[in-house]
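**Q** One structure is given below, represented as structure tokens, and several questions about it will come after.
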Amino acid sequence: IHVLQKSFCSIQTELYSKQSKIDLLFFFLPYRKPGPTPTKQRNTKYWSEKYPETSTQISRQEVKLQEAIFELSTGEEDLVQDMNLLRKTYAETMVRFKILNQAEADLVFGKLYPIIPLHNSLACALSR
């Protein structure tokens, strides 16, 4: 038993010095099968439903134009939300848990970082 305790303590010391407390916690916890990933489904939104009083006062062609602009605007907002979710959920988490180092994360997710502000400013401009 003394040999096991000594081995366990040396393993624990080595693990603790190399990994964070969270990593150490995951090392000792038994594996649990993760639950199902919830699906993200957005309800379809229409300009004519948001502004019903205006849509009845303009021509059918103008309603179609407004619907297209509204779809572009809401689509950009949804895209920005999705990219931020991707950045936070995957990119930052993989670096934090040392699954990827920062250079690897930049290689995998590198194009994501500069386009988020671009799409965010486009979404803001379209919502004005």
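**Q** What FRET efficiency do you get for residue 98 and residue 32 if R0 is 25 Å and r is their Cβ-Cβ distance, rounded to the nearest 0.05?
**A** Numbers: r = 21 Å, r/R0 = 0.83.
Efficiency, from the Cβ-Cβ distance: 0.75.
**Q** Sticking with this one: In nm, what is the difference between 0.36 nm times the number of residues separating residue 88 and residue 72 and their Cα-Cα distance? Could the numbers behind the result be given before it?
**A** On the way: separation 16, 0.36 × 16 = 5.76 nm, distance 2.42 nm.
The residue 88-residue 72 span can extend by a further 3.3 nm.
**Q** Hey, which of these cross-link pairs are over 32 Å Cα-Cα: 45/111; 33/88; 64/88; 33/98? Numbers along the way, then the final one.
**A** On the way: 45/111 29 Å; 33/88 23 Å; 64/88 36 Å; 33/98 21 Å.
As for pairs spanning more than 32 Å Cα to Cα, those are 64/88.
**Q** Hey, for a label at residue 128 modelled as a point 7 Å past Cα toward Cβ, could you say which residues of region 81-122 have their backbone N under 13 Å away?
**A** 121-122
A short reminder: the numbers here are calculations on the coordinates, not readings from a lab. If you're wondering where the values come from, they're calculated on a predicted model, not measured in any experiment. Glycine also receives a Cβ, built like all others from the backbone with ideal geometry; neighbour counts cover every protein chain displayed.
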